[in-house]
Amino acid sequence: MRTLLALIRAYPARTAIMLLALTVAGVAEGLSLTTLLPLMSVAVGGAADSGLGRTVVETLARFDLQPTIGAMLLLIVGGMAIKSLLLLLANRQVGYTVAHVATTLRLELIEALLASRWEYYLRQHTGALANSIATEAYRAATGFQYGANVIAFAIQAVVYVVVALLVSWQATLVSLIVGVFFVIVLHQLVRAARRAGARQTRLMRALLAYLTDILGAVKPLKAMARDNVAEAVLRDQNRQLESAMKREVMSKETLRALQEPMVAALAATGLYLALVYWKMSLAEVMVLVFLLVRILTLLNKTQRQFQHQTTQDSAYWSLRAAAAEATRAVEQSSGTLAPSLNHGIRLSNVWFGYGGNQVFRGLDMNLQAGSFTAVVGESGIGKSTFLDLLCGLARVETGQILVDGLDIEQLDLKRWRRLIGYVPQDNILLHDTVCANVLVGERDLNRADAELALRQAGAWDFVAGLPGGMDTVVGERGGMISGGQRQRIALARALAHRPRLLVLDEPTSALDPDSERAISATLAELAGKLTIVAVSHQPAVAAVADRIYAFEGGRARLIKEN
(Lines give C-alpha, C1' and ligand atoms only; values in the text may rest on other atoms or scores of the structure.)
Protein backbone atom coordinates (compact mmCIF):
# COMPACT_ATOMS: atom_id res chain seq x y z
CA MET A 1 0.00 0.00 0.00
CA ARG A 2 3.02 2.28 0.24
CA THR A 3 2.87 3.06 -3.48
CA LEU A 4 -0.86 3.77 -3.38
CA LEU A 5 -0.46 6.06 -0.37
CA ALA A 6 2.38 7.89 -2.12
CA LEU A 7 0.23 8.42 -5.21
CA ILE A 8 -2.70 9.60 -3.07
CA ARG A 9 -0.45 12.15 -1.37
CA ALA A 10 0.84 13.27 -4.75
CA TYR A 11 -2.66 13.73 -6.20
CA PRO A 12 -4.93 14.51 -3.21
CA ALA A 13 -7.65 16.46 -5.03
CA ARG A 14 -8.19 13.86 -7.74
CA THR A 15 -8.12 11.05 -5.17
CA ALA A 16 -10.64 12.83 -2.91
CA ILE A 17 -13.11 13.24 -5.78
CA MET A 18 -12.66 9.61 -6.75
CA LEU A 19 -13.16 8.33 -3.20
CA LEU A 20 -16.24 10.50 -2.67
CA ALA A 21 -17.88 9.15 -5.81
CA LEU A 22 -16.99 5.56 -4.89
CA THR A 23 -18.34 5.98 -1.35
CA VAL A 24 -21.63 7.49 -2.46
CA ALA A 25 -21.98 4.77 -5.09
CA GLY A 26 -21.44 2.08 -2.45
CA VAL A 27 -23.98 3.66 -0.09
CA ALA A 28 -26.53 3.91 -2.89
CA GLU A 29 -26.10 0.23 -3.66
CA GLY A 30 -26.38 -0.69 0.02
CA LEU A 31 -29.56 1.29 0.49
CA SER A 32 -31.15 -0.36 -2.51
CA LEU A 33 -30.22 -3.78 -1.15
CA THR A 34 -32.02 -3.16 2.16
CA THR A 35 -35.24 -3.70 0.27
CA LEU A 36 -34.24 -7.27 -0.63
CA LEU A 37 -35.33 -8.76 2.68
CA PRO A 38 -38.92 -7.41 2.77
CA LEU A 39 -39.17 -8.13 -0.96
CA MET A 40 -38.27 -11.77 -0.39
CA SER A 41 -40.72 -11.96 2.54
CA VAL A 42 -43.53 -10.67 0.37
CA ALA A 43 -42.46 -12.94 -2.50
CA VAL A 44 -42.76 -16.06 -0.34
CA GLY A 45 -46.07 -14.90 1.13
CA GLY A 46 -44.71 -13.92 4.55
CA ALA A 47 -44.53 -10.70 6.50
CA ALA A 48 -41.60 -8.35 6.83
CA ASP A 49 -41.19 -9.10 10.53
CA SER A 50 -37.41 -8.78 10.91
CA GLY A 51 -35.90 -5.62 12.32
CA LEU A 52 -34.44 -4.61 8.97
CA GLY A 53 -37.64 -5.48 7.16
CA ARG A 54 -39.79 -3.41 9.53
CA THR A 55 -37.38 -0.47 9.13
CA VAL A 56 -37.72 -0.61 5.36
CA VAL A 57 -41.52 -0.86 5.52
CA GLU A 58 -41.73 2.06 7.97
CA THR A 59 -39.45 4.17 5.77
CA LEU A 60 -41.63 3.45 2.73
CA ALA A 61 -44.73 4.40 4.72
CA ARG A 62 -43.30 7.83 5.47
CA PHE A 63 -43.27 8.49 1.74
CA ASP A 64 -46.79 7.05 1.33
CA LEU A 65 -45.42 3.97 -0.43
CA GLN A 66 -46.73 0.45 0.08
CA PRO A 67 -44.22 -2.44 0.39
CA THR A 68 -45.39 -4.05 -2.79
CA ILE A 69 -43.17 -6.09 -5.03
CA GLY A 70 -43.33 -3.40 -7.71
CA ALA A 71 -42.34 -0.58 -5.32
CA MET A 72 -39.43 -2.51 -3.85
CA LEU A 73 -38.19 -3.68 -7.23
CA LEU A 74 -38.32 -0.08 -8.36
CA LEU A 75 -36.21 0.94 -5.36
CA ILE A 76 -33.68 -1.78 -6.09
CA VAL A 77 -33.41 -0.86 -9.77
CA GLY A 78 -33.25 2.86 -8.95
CA GLY A 79 -30.52 2.32 -6.37
CA MET A 80 -28.52 0.19 -8.79
CA ALA A 81 -28.94 2.81 -11.53
CA ILE A 82 -27.71 5.58 -9.23
CA LYS A 83 -24.81 3.38 -8.15
CA SER A 84 -23.88 2.64 -11.75
CA LEU A 85 -23.97 6.32 -12.66
CA LEU A 86 -21.78 7.24 -9.70
CA LEU A 87 -19.39 4.41 -10.47
CA LEU A 88 -19.19 5.65 -14.06
CA LEU A 89 -18.20 9.09 -12.79
CA ALA A 90 -15.74 7.60 -10.31
CA ASN A 91 -14.16 5.28 -12.89
CA ARG A 92 -13.89 8.13 -15.36
CA GLN A 93 -12.04 10.09 -12.70
CA VAL A 94 -9.81 7.07 -12.11
CA GLY A 95 -9.05 6.82 -15.84
CA TYR A 96 -8.28 10.52 -16.11
CA THR A 97 -6.07 10.30 -13.05
CA VAL A 98 -4.19 7.31 -14.47
CA ALA A 99 -3.45 9.24 -17.67
CA HIS A 100 -2.42 12.27 -15.62
CA VAL A 101 -0.16 10.19 -13.36
CA ALA A 102 1.62 8.58 -16.33
CA THR A 103 2.12 11.94 -18.02
CA THR A 104 3.32 13.62 -14.83
CA LEU A 105 5.80 10.86 -14.02
CA ARG A 106 7.22 10.96 -17.54
CA LEU A 107 7.55 14.74 -17.54
CA GLU A 108 9.16 14.77 -14.09
CA LEU A 109 11.84 12.35 -15.25
CA ILE A 110 12.37 14.09 -18.60
CA GLU A 111 12.66 17.52 -16.97
CA ALA A 112 15.05 16.19 -14.33
CA LEU A 113 17.24 14.54 -16.96
CA LEU A 114 17.38 17.59 -19.21
CA ALA A 115 18.22 19.80 -16.22
CA SER A 116 21.02 17.50 -14.99
CA ARG A 117 24.73 18.06 -15.43
CA TRP A 118 26.28 16.84 -18.64
CA GLU A 119 28.70 14.56 -16.74
CA TYR A 120 25.74 12.87 -15.05
CA TYR A 121 23.89 12.44 -18.32
CA LEU A 122 26.92 10.76 -19.89
CA ARG A 123 26.78 8.03 -17.24
CA GLN A 124 23.16 7.17 -18.00
CA HIS A 125 22.00 4.45 -20.35
CA THR A 126 19.64 5.58 -23.07
CA GLY A 127 17.77 2.27 -23.18
CA ALA A 128 17.17 2.25 -19.42
CA LEU A 129 15.91 5.84 -19.53
CA ALA A 130 13.60 5.01 -22.44
CA ASN A 131 12.25 2.08 -20.44
CA SER A 132 11.55 4.36 -17.47
CA ILE A 133 9.77 6.96 -19.57
CA ALA A 134 7.68 4.47 -21.54
CA THR A 135 7.20 1.17 -19.73
CA GLU A 136 7.72 2.09 -16.08
CA ALA A 137 5.56 5.23 -16.23
CA TYR A 138 2.70 3.23 -17.74
CA ARG A 139 3.06 0.42 -15.20
CA ALA A 140 3.17 2.89 -12.31
CA ALA A 141 0.01 4.63 -13.51
CA THR A 142 -1.69 1.26 -14.01
CA GLY A 143 -0.73 0.42 -10.44
CA PHE A 144 -2.65 3.50 -9.33
CA GLN A 145 -5.69 2.22 -11.22
CA TYR A 146 -5.45 -1.15 -9.49
CA GLY A 147 -5.09 0.66 -6.17
CA ALA A 148 -8.22 2.67 -6.90
CA ASN A 149 -10.04 -0.58 -7.62
CA VAL A 150 -8.86 -1.90 -4.24
CA ILE A 151 -10.47 1.10 -2.56
CA ALA A 152 -13.64 0.80 -4.63
CA PHE A 153 -14.15 -2.89 -3.87
CA ALA A 154 -13.31 -2.33 -0.19
CA ILE A 155 -15.95 0.41 0.07
CA GLN A 156 -18.55 -1.80 -1.57
CA ALA A 157 -17.63 -4.68 0.74
CA VAL A 158 -18.07 -2.46 3.81
CA VAL A 159 -21.55 -1.43 2.65
CA TYR A 160 -22.55 -5.06 2.12
CA VAL A 161 -21.14 -5.98 5.55
CA VAL A 162 -23.28 -3.32 7.22
CA VAL A 163 -26.41 -4.59 5.48
CA ALA A 164 -25.52 -8.24 6.29
CA LEU A 165 -24.95 -7.37 9.96
CA LEU A 166 -28.46 -5.93 10.10
CA VAL A 167 -29.81 -9.23 8.80
CA SER A 168 -27.73 -11.52 11.07
CA TRP A 169 -24.67 -10.28 12.87
CA GLN A 170 -23.75 -13.79 14.07
CA ALA A 171 -23.60 -15.40 10.64
CA THR A 172 -21.91 -12.35 9.14
CA LEU A 173 -19.26 -12.20 11.85
CA VAL A 174 -18.40 -15.90 11.54
CA SER A 175 -18.15 -15.66 7.77
CA LEU A 176 -15.96 -12.56 7.97
CA ILE A 177 -13.56 -14.19 10.45
CA VAL A 178 -13.16 -17.24 8.23
CA GLY A 179 -12.89 -15.07 5.10
CA VAL A 180 -10.19 -12.85 6.59
CA PHE A 181 -8.29 -15.97 7.66
CA PHE A 182 -8.24 -17.23 4.08
CA VAL A 183 -7.17 -13.79 2.82
CA ILE A 184 -4.20 -13.84 5.20
CA VAL A 185 -3.24 -17.36 4.12
CA LEU A 186 -3.42 -16.44 0.43
CA HIS A 187 -1.36 -13.28 0.96
CA GLN A 188 1.77 -15.33 0.25
CA LEU A 189 0.69 -15.39 -3.38
CA VAL A 190 0.48 -11.59 -3.34
CA ARG A 191 4.04 -11.39 -2.06
CA ALA A 192 5.19 -13.79 -4.76
CA ALA A 193 3.61 -11.56 -7.40
CA ARG A 194 5.40 -8.53 -5.95
CA ARG A 195 8.77 -10.28 -6.20
CA ALA A 196 8.02 -11.32 -9.79
CA GLY A 197 7.08 -7.75 -10.67
CA ALA A 198 10.30 -6.38 -9.18
CA ARG A 199 12.33 -8.91 -11.18
CA GLN A 200 10.48 -7.92 -14.35
CA THR A 201 11.41 -4.28 -13.78
CA ARG A 202 15.10 -5.10 -13.42
CA LEU A 203 15.14 -7.41 -16.43
CA MET A 204 13.22 -5.01 -18.64
CA ARG A 205 15.66 -2.19 -17.91
CA ALA A 206 18.61 -4.44 -18.72
CA LEU A 207 16.97 -5.77 -21.88
CA LEU A 208 16.10 -2.37 -23.32
CA ALA A 209 19.48 -0.94 -22.38
CA TYR A 210 21.30 -3.71 -24.24
CA LEU A 211 18.83 -3.65 -27.14
CA THR A 212 19.38 0.09 -27.65
CA ASP A 213 23.12 -0.44 -27.90
CA ILE A 214 22.72 -3.34 -30.30
CA LEU A 215 20.36 -1.46 -32.61
CA GLY A 216 22.81 1.43 -32.69
CA ALA A 217 25.60 -0.90 -33.81
CA VAL A 218 23.59 -3.34 -35.90
CA LYS A 219 25.16 -2.36 -39.24
CA PRO A 220 28.78 -3.26 -38.38
CA LEU A 221 27.64 -6.36 -36.49
CA LYS A 222 25.73 -7.62 -39.52
CA ALA A 223 28.61 -6.71 -41.81
CA MET A 224 30.95 -8.88 -39.70
CA ALA A 225 28.37 -11.68 -39.23
CA ARG A 226 28.54 -11.13 -35.46
CA ASP A 227 24.87 -10.31 -34.97
CA ASN A 228 24.29 -13.88 -33.78
CA VAL A 229 26.27 -13.10 -30.59
CA ALA A 230 23.98 -10.20 -29.79
CA GLU A 231 21.00 -12.37 -30.63
CA ALA A 232 22.14 -14.98 -28.11
CA VAL A 233 22.39 -12.39 -25.33
CA LEU A 234 18.99 -10.92 -26.18
CA ARG A 235 17.45 -14.39 -26.30
CA ASP A 236 18.83 -15.19 -22.84
CA GLN A 237 17.52 -11.92 -21.39
CA ASN A 238 14.12 -12.49 -22.96
CA ARG A 239 13.94 -15.97 -21.48
CA GLN A 240 14.71 -14.61 -18.03
CA LEU A 241 11.97 -12.02 -18.50
CA GLU A 242 9.59 -14.74 -19.65
CA SER A 243 10.39 -16.75 -16.51
CA ALA A 244 9.55 -13.75 -14.30
CA MET A 245 6.30 -13.20 -16.18
CA LYS A 246 5.38 -16.88 -15.78
CA ARG A 247 5.89 -16.63 -12.04
CA GLU A 248 3.62 -13.61 -11.90
CA VAL A 249 0.95 -15.38 -13.96
CA MET A 250 1.20 -18.49 -11.78
CA SER A 251 0.73 -16.57 -8.55
CA LYS A 252 -2.22 -14.63 -9.96
CA GLU A 253 -4.01 -17.64 -11.39
CA THR A 254 -3.38 -19.72 -8.28
CA LEU A 255 -4.96 -17.00 -6.18
CA ARG A 256 -7.96 -16.86 -8.50
CA ALA A 257 -8.35 -20.65 -8.53
CA LEU A 258 -8.25 -20.95 -4.72
CA GLN A 259 -10.62 -18.08 -4.09
CA GLU A 260 -13.62 -19.46 -5.99
CA PRO A 261 -13.99 -22.74 -4.01
CA MET A 262 -13.36 -20.74 -0.85
CA VAL A 263 -16.38 -18.53 -1.61
CA ALA A 264 -18.53 -21.56 -2.32
CA ALA A 265 -17.48 -23.28 0.93
CA LEU A 266 -18.13 -20.22 3.04
CA ALA A 267 -21.51 -19.60 1.41
CA ALA A 268 -22.54 -23.19 2.10
CA THR A 269 -21.35 -22.89 5.70
CA GLY A 270 -23.31 -19.68 6.19
CA LEU A 271 -26.44 -21.25 4.71
CA TYR A 272 -26.14 -24.29 6.96
CA LEU A 273 -25.61 -22.26 10.14
CA ALA A 274 -28.45 -19.89 9.32
CA LEU A 275 -30.98 -22.66 8.68
CA VAL A 276 -29.92 -25.20 11.33
CA TYR A 277 -28.57 -23.22 14.26
CA TRP A 278 -30.10 -19.77 14.07
CA LYS A 279 -33.48 -20.88 12.64
CA MET A 280 -33.73 -17.90 10.29
CA SER A 281 -36.64 -17.48 7.90
CA LEU A 282 -36.21 -18.50 4.29
CA ALA A 283 -36.33 -14.89 3.12
CA GLU A 284 -33.61 -13.86 5.57
CA VAL A 285 -31.45 -16.83 4.63
CA MET A 286 -31.72 -16.12 0.92
CA VAL A 287 -30.82 -12.47 1.40
CA LEU A 288 -28.01 -13.34 3.81
CA VAL A 289 -26.47 -15.89 1.48
CA PHE A 290 -26.61 -13.41 -1.35
CA LEU A 291 -24.91 -10.77 0.82
CA LEU A 292 -22.24 -13.13 2.16
CA VAL A 293 -21.37 -14.38 -1.31
CA ARG A 294 -21.20 -10.79 -2.48
CA ILE A 295 -18.98 -9.77 0.46
CA LEU A 296 -16.58 -12.64 0.00
CA THR A 297 -16.45 -12.08 -3.75
CA LEU A 298 -15.57 -8.44 -3.17
CA LEU A 299 -12.89 -9.42 -0.67
CA ASN A 300 -11.42 -11.76 -3.27
CA LYS A 301 -11.54 -9.06 -5.93
CA THR A 302 -9.90 -6.63 -3.53
CA GLN A 303 -7.08 -9.06 -2.89
CA ARG A 304 -6.59 -9.78 -6.60
CA GLN A 305 -6.53 -6.08 -7.45
CA PHE A 306 -4.06 -5.53 -4.63
CA GLN A 307 -1.93 -8.32 -6.06
CA HIS A 308 -1.99 -6.62 -9.48
CA GLN A 309 -1.06 -3.33 -7.86
CA THR A 310 1.90 -4.80 -6.00
CA THR A 311 3.38 -6.14 -9.24
CA GLN A 312 3.58 -2.54 -10.49
CA ASP A 313 5.17 -1.17 -7.30
CA SER A 314 8.74 -1.71 -8.45
CA ALA A 315 8.13 0.26 -11.66
CA TYR A 316 6.86 3.28 -9.72
CA TRP A 317 9.75 3.33 -7.25
CA SER A 318 12.32 2.65 -9.96
CA LEU A 319 11.06 5.62 -11.95
CA ARG A 320 10.93 7.86 -8.88
CA ALA A 321 14.47 6.82 -7.96
CA ALA A 322 15.70 7.72 -11.45
CA ALA A 323 13.99 11.12 -11.25
CA ALA A 324 15.35 11.78 -7.76
CA GLU A 325 18.89 10.86 -8.81
CA ALA A 326 18.67 13.17 -11.82
CA THR A 327 17.29 15.95 -9.63
CA ARG A 328 20.23 15.63 -7.25
CA ALA A 329 22.53 16.01 -10.26
CA VAL A 330 20.81 19.21 -11.40
CA GLU A 331 23.03 21.64 -13.25
CA GLN A 332 23.91 24.56 -10.98
CA SER A 333 24.14 28.01 -12.50
CA SER A 334 24.22 31.19 -10.45
CA GLY A 335 24.93 33.53 -13.34
CA THR A 336 22.33 36.17 -14.16
CA LEU A 337 24.05 38.50 -16.65
CA ALA A 338 22.82 38.71 -20.22
CA PRO A 339 25.49 37.36 -22.61
CA SER A 340 26.70 38.90 -25.83
CA LEU A 341 29.39 38.07 -28.33
CA ASN A 342 30.49 41.37 -29.83
CA HIS A 343 34.21 41.19 -29.11
CA GLY A 344 35.22 37.60 -28.48
CA ILE A 345 36.00 34.78 -26.08
CA ARG A 346 39.18 34.49 -24.06
CA LEU A 347 40.40 31.44 -22.15
CA SER A 348 42.87 32.43 -19.45
CA ASN A 349 45.00 29.88 -17.53
CA VAL A 350 42.26 27.23 -17.69
CA TRP A 351 42.84 24.00 -15.77
CA PHE A 352 40.45 21.10 -16.14
CA GLY A 353 40.47 17.35 -15.59
CA TYR A 354 38.23 14.41 -14.83
CA GLY A 355 38.64 10.85 -13.64
CA GLY A 356 42.18 11.53 -12.43
CA ASN A 357 43.22 12.71 -15.90
CA GLN A 358 44.33 16.35 -16.16
CA VAL A 359 43.26 17.50 -19.61
CA PHE A 360 44.25 21.18 -19.59
CA ARG A 361 47.15 22.77 -17.72
CA GLY A 362 46.97 26.52 -18.11
CA LEU A 363 45.08 26.76 -21.42
CA ASP A 364 45.22 30.24 -23.01
CA MET A 365 43.30 31.11 -26.20
CA ASN A 366 41.71 34.10 -27.92
CA LEU A 367 38.65 33.62 -30.14
CA GLN A 368 37.75 36.88 -31.81
CA ALA A 369 34.12 37.61 -32.68
CA GLY A 370 33.41 36.93 -36.34
CA SER A 371 36.53 34.78 -36.75
CA PHE A 372 36.89 31.15 -37.81
CA THR A 373 39.13 29.24 -35.40
CA ALA A 374 40.19 25.64 -35.97
CA VAL A 375 41.61 23.42 -33.22
CA VAL A 376 43.76 20.43 -34.12
CA GLY A 377 45.56 17.77 -32.13
CA GLU A 378 45.81 14.07 -31.47
CA SER A 379 42.82 12.00 -30.42
CA GLY A 380 42.14 12.19 -26.70
CA ILE A 381 44.02 15.47 -26.32
CA GLY A 382 40.90 17.33 -25.14
CA LYS A 383 39.42 18.95 -28.26
CA SER A 384 35.82 17.89 -27.52
CA THR A 385 36.31 18.77 -23.84
CA PHE A 386 37.34 22.26 -24.95
CA LEU A 387 34.00 22.61 -26.77
CA ASP A 388 32.17 21.39 -23.66
CA LEU A 389 33.83 24.18 -21.68
CA LEU A 390 32.79 26.77 -24.25
CA CYS A 391 29.16 25.59 -24.10
CA GLY A 392 29.12 25.48 -20.30
CA LEU A 393 28.58 21.71 -20.32
CA ALA A 394 31.74 21.41 -18.22
CA ARG A 395 33.13 23.95 -15.73
CA VAL A 396 36.75 24.94 -15.31
CA GLU A 397 38.61 24.01 -12.14
CA THR A 398 40.75 27.13 -12.11
CA GLY A 399 41.19 29.95 -14.57
CA GLN A 400 38.57 31.85 -16.52
CA ILE A 401 36.54 31.76 -19.71
CA LEU A 402 35.64 35.36 -20.53
CA VAL A 403 32.90 36.28 -23.01
CA ASP A 404 33.20 39.95 -23.94
CA GLY A 405 35.13 40.40 -20.71
CA LEU A 406 32.54 38.66 -18.49
CA ASP A 407 33.31 35.39 -16.73
CA ILE A 408 31.12 32.63 -18.16
CA GLU A 409 30.18 31.76 -14.56
CA GLN A 410 28.45 35.15 -14.30
CA LEU A 411 26.35 34.63 -17.42
CA ASP A 412 22.83 33.25 -17.56
CA LEU A 413 23.77 29.82 -18.87
CA LYS A 414 20.51 29.21 -20.75
CA ARG A 415 20.76 32.55 -22.55
CA TRP A 416 24.40 31.92 -23.37
CA ARG A 417 23.59 28.58 -24.94
CA ARG A 418 20.84 30.20 -27.00
CA LEU A 419 23.67 32.07 -28.76
CA ILE A 420 25.35 28.78 -29.71
CA GLY A 421 24.78 26.53 -32.70
CA TYR A 422 26.31 23.08 -32.09
CA VAL A 423 27.15 20.38 -34.63
CA PRO A 424 28.34 17.15 -32.93
CA GLN A 425 30.65 14.57 -34.40
CA ASP A 426 27.92 11.92 -34.60
CA ASN A 427 25.01 13.47 -36.41
CA ILE A 428 22.03 11.27 -35.62
CA LEU A 429 18.93 12.57 -37.32
CA LEU A 430 15.38 11.91 -36.19
CA HIS A 431 13.24 9.42 -38.08
CA ASP A 432 11.19 12.37 -39.34
CA THR A 433 11.03 14.95 -42.09
CA VAL A 434 13.87 17.25 -43.09
CA CYS A 435 11.91 20.21 -41.71
CA ALA A 436 11.34 18.50 -38.36
CA ASN A 437 15.05 17.65 -38.14
CA VAL A 438 15.98 21.28 -38.66
CA LEU A 439 13.44 22.83 -36.29
CA VAL A 440 13.39 20.01 -33.69
CA GLY A 441 10.08 21.20 -32.26
CA GLU A 442 11.20 24.82 -31.68
CA ARG A 443 7.92 26.75 -31.39
CA ASP A 444 9.48 30.11 -32.23
CA LEU A 445 10.67 28.83 -35.62
CA ASN A 446 8.68 28.04 -38.76
CA ARG A 447 9.18 26.57 -42.22
CA ALA A 448 10.65 29.84 -43.50
CA ASP A 449 13.32 29.65 -40.82
CA ALA A 450 14.03 26.03 -41.80
CA GLU A 451 14.41 26.98 -45.45
CA LEU A 452 16.75 29.87 -44.61
CA ALA A 453 18.90 27.59 -42.44
CA LEU A 454 19.03 24.95 -45.19
CA ARG A 455 20.15 27.60 -47.68
CA GLN A 456 22.85 28.85 -45.29
CA ALA A 457 24.06 25.27 -44.82
CA GLY A 458 24.22 24.70 -48.56
CA ALA A 459 21.55 22.03 -48.32
CA TRP A 460 18.63 23.65 -50.11
CA ASP A 461 19.46 22.38 -53.59
CA PHE A 462 19.44 18.70 -52.64
CA VAL A 463 16.46 19.12 -50.26
CA ALA A 464 14.40 20.83 -52.96
CA GLY A 465 15.15 17.89 -55.25
CA LEU A 466 13.85 15.28 -52.78
CA PRO A 467 10.42 13.74 -53.56
CA GLY A 468 8.74 15.56 -50.69
CA GLY A 469 11.11 18.48 -50.37
CA MET A 470 11.37 19.52 -46.72
CA ASP A 471 8.60 17.02 -45.92
CA THR A 472 10.73 14.04 -47.00
CA VAL A 473 11.34 11.54 -44.20
CA VAL A 474 15.08 10.88 -43.82
CA GLY A 475 14.73 7.42 -42.23
CA GLU A 476 16.14 5.91 -39.06
CA ARG A 477 19.19 7.93 -37.96
CA GLY A 478 19.05 9.67 -41.36
CA GLY A 479 19.84 6.45 -43.20
CA MET A 480 17.82 7.39 -46.31
CA ILE A 481 20.25 10.15 -47.29
CA SER A 482 24.04 10.35 -47.72
CA GLY A 483 26.55 11.26 -45.02
CA GLY A 484 27.25 14.66 -46.57
CA GLN A 485 23.54 15.41 -46.75
CA ARG A 486 23.09 14.41 -43.11
CA GLN A 487 25.94 16.73 -42.15
CA ARG A 488 24.35 19.65 -43.96
CA ILE A 489 20.98 19.07 -42.29
CA ALA A 490 22.76 18.94 -38.93
CA LEU A 491 24.47 22.22 -39.81
CA ALA A 492 21.11 23.72 -40.77
CA ARG A 493 19.71 22.61 -37.40
CA ALA A 494 22.52 24.49 -35.68
CA LEU A 495 21.88 27.61 -37.75
CA ALA A 496 18.07 27.64 -37.54
CA HIS A 497 17.82 29.80 -34.40
CA ARG A 498 20.38 32.31 -35.74
CA PRO A 499 23.25 31.73 -33.29
CA ARG A 500 26.20 34.06 -32.72
CA LEU A 501 28.67 31.22 -32.10
CA LEU A 502 28.87 28.10 -34.28
CA VAL A 503 30.63 25.15 -32.61
CA LEU A 504 31.59 22.10 -34.69
CA ASP A 505 33.06 18.84 -33.43
CA GLU A 506 34.84 17.02 -36.29
CA PRO A 507 32.32 18.26 -38.90
CA THR A 508 33.88 16.35 -41.83
CA SER A 509 35.46 13.31 -40.17
CA ALA A 510 33.09 10.78 -41.76
CA LEU A 511 32.82 12.41 -45.19
CA ASP A 512 34.43 11.70 -48.53
CA PRO A 513 36.88 14.29 -49.92
CA ASP A 514 34.30 15.97 -52.17
CA SER A 515 31.76 16.31 -49.35
CA GLU A 516 34.53 17.53 -47.04
CA ARG A 517 35.52 20.27 -49.46
CA ALA A 518 31.88 21.28 -49.94
CA ILE A 519 31.24 21.55 -46.19
CA SER A 520 34.47 23.49 -45.70
CA ALA A 521 33.45 25.92 -48.46
CA THR A 522 30.10 26.43 -46.72
CA LEU A 523 31.89 27.19 -43.44
CA ALA A 524 34.13 29.68 -45.25
CA GLU A 525 31.02 31.50 -46.50
CA LEU A 526 29.62 31.64 -42.97
CA ALA A 527 32.87 33.01 -41.52
CA GLY A 528 32.52 36.68 -40.69
CA LYS A 529 28.76 36.42 -40.33
CA LEU A 530 29.17 34.61 -37.01
CA THR A 531 31.97 33.27 -34.82
CA ILE A 532 33.02 29.73 -35.75
CA VAL A 533 35.04 27.29 -33.64
CA ALA A 534 35.75 23.86 -35.12
CA VAL A 535 37.85 20.97 -33.87
CA SER A 536 39.02 18.73 -36.68
CA HIS A 537 41.67 16.35 -37.97
CA GLN A 538 40.92 17.28 -41.57
CA PRO A 539 43.21 19.69 -43.43
CA ALA A 540 40.33 21.05 -45.56
CA VAL A 541 38.66 22.56 -42.49
CA ALA A 542 41.90 24.03 -41.16
CA ALA A 543 42.68 25.50 -44.58
CA VAL A 544 39.66 27.84 -44.50
CA ALA A 545 40.12 28.91 -40.86
CA ASP A 546 41.44 32.36 -39.87
CA ARG A 547 43.57 30.88 -37.12
CA ILE A 548 44.61 27.42 -36.02
CA TYR A 549 45.45 26.25 -32.51
CA ALA A 550 47.20 22.97 -31.80
CA PHE A 551 46.61 21.26 -28.46
CA GLU A 552 49.75 19.79 -26.92
CA GLY A 553 50.39 18.77 -23.32
CA GLY A 554 47.27 20.45 -21.98
CA ARG A 555 48.08 23.80 -23.61
CA ALA A 556 47.23 25.54 -26.90
CA ARG A 557 49.83 26.67 -29.44
CA LEU A 558 48.88 29.14 -32.16
CA ILE A 559 50.22 27.78 -35.43
CA LYS A 560 48.38 29.97 -37.96
CA GLU A 561 46.82 33.42 -37.92
CA ASN A 562 45.58 35.44 -40.88
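The values are calculated or read from the model by the stated rules, or taken from the named source; none is laboratory data. This is a predicted model, so every value here is computed, not measured. When we count neighbours, we look across all protein chains shown, and the Cβ atoms used for this are built from the backbone with ideal geometry, even at glycine.
Any residue in region 542-555 that is in the same structural domain as Trp351 (by TED's automatic domain parsing) sitting within a Cβ distance under 8 Å of a residue that is assigned to a loop (DSSP other than H, G, I, E, B) and hydrophobic (A, V, I, L, M, F, W, C)? List the pairs, counting only those 6 or more apart or interchain.
Phe551/Ile381; Glu552/Ile381
Pairs only if they're at least six apart or on different chains, beta carbon under 6 angstrom, first in region 148-167 and assigned by TED's automatic domain parsing to the domain that holds Val289, second basic (Lys, Arg); list them, first residue then second.
Phe153/Lys301; Tyr160/Arg294
Look at Arg498 and say whether it is under 27 Å from Ala448 (Cα atoms), in a loop (DSSP other than H, G, I, E, B) and free of Cβ contacts under 8 Å to residues at least 60 places away in the same chain. Spell out the reasoning first.
Values: under 27 Å from Ala448 (Cα atoms): yes; in a loop (DSSP other than H, G, I, E, B): yes; free of Cβ contacts under 8 Å to residues at least 60 places away in the same chain: yes.
Yes; evaluated as a whole, the condition is true for this residue.
Could you pull out the residue among Val178, Val183 that is in the same structural domain as Leu105 (by TED's automatic domain parsing), out of contact with any Ser or Thr (no Cβ under 8 Å at 6 or more places or on another chain) and surrounded by fewer than 24 Cβ atoms within 10 Å (Cβ to Cβ)? Walk me through it before giving the result.
Numbers: Val178 fails: out of contact with any Ser or Thr (no Cβ under 8 Å at 6 or more places or on another chain).
Just one listed residue meets the conditions, Val183.
Out of the residues in region 364-381 that are modelled with pLDDT under 85, small (Gly, Ala, Ser) and out of contact with any helix residue (DSSP H, G or I) (no Cβ under 8 Å at 6 or more places or on another chain), state the one that is farthest from Trp118 (Cα to Cα).
Ser379
State all residues of region 507-556 that are within 25 Å of Trp460 (Cα to Cα) and β-branched (Val, Ile, Thr); if no residue qualifies, say none.
Thr508, Ile519, Thr522, Thr531, Ile532, Val533, Val541, Val544
Got a number for residues in region 349-378 being polar (S, T, N, Q) and surrounded by fewer than 16 Cβ atoms within 10 Å (Cβ to Cβ)? It would help to see each step written out before you state the result.
Step one: list which residues in region 349-378 are polar (S, T, N, Q), which gives 349, 357-358, 366, 368, 371, 373.
Then keep just the ones that are surrounded by fewer than 16 Cβ atoms within 10 Å (Cβ to Cβ); that gives 349, 357-358, 368.
Final tally of qualifying residues: 4.
Can you work out which of the residues in region 101-136 that are of a type in the set (A, V, I, L, M) and within 30 Å of Ser84 (Cα to Cα) is surrounded by the fewest Cβ atoms within 10 Å (Cβ to Cβ)? Before the answer, list the steps.
Step one: filter region 101-136 for residues of a type in the set (A, V, I, L, M), giving 101-102, 105, 107, 109-110, 112-115, 122, 128-130, 133-134.
Next, only the ones that are within 30 Å of Ser84 (Cα to Cα) stay: 101-102.
Values: Val101: 23, Ala102: 20.
If we take residues in region 101-136 being of a type in the set (A, V, I, L, M) and within 30 Å of Ser84 (Cα to Cα), then Ala102 is surrounded by the fewest Cβ atoms within 10 Å (Cβ to Cβ).
Could you look through region 426-451, keep only residues that are among the hydrophobic types (A, V, I, L, M, F, W, C) and part of a helix (DSSP H, G or I), and pick out the one that is nearest to Leu466 (Cα to Cα)? If you could, list the steps in order and put the result at the bottom.
Initial filter on region 426-451 (among the hydrophobic types (A, V, I, L, M, F, W, C)): 428-430, 434-436, 438-440, 445, 448, 450.
Of the ones still in play, those that are also part of a helix (DSSP H, G or I) are 434-436, 438-439, 448, 450.
Details: Val434: 10, Cys435: 12, Ala436: 15, Val438: 15, Leu439: 18, Ala448: 18, Ala450: 15 Å.
Here the answer is Val434.
Kindly indicate whether Met470 is without any contact (Cβ under 8 Å) to a residue 40 or more places away in the chain, in a helix (DSSP H, G or I) and more than 22 Å from Ala115 (Cα to Cα). Break it down stepwise before answering.
Numbers: without any contact (Cβ under 8 Å) to a residue 40 or more places away in the chain: yes; in a helix (DSSP H, G or I): yes; more than 22 Å from Ala115 (Cα to Cα): yes.
So Met470 passes the test.
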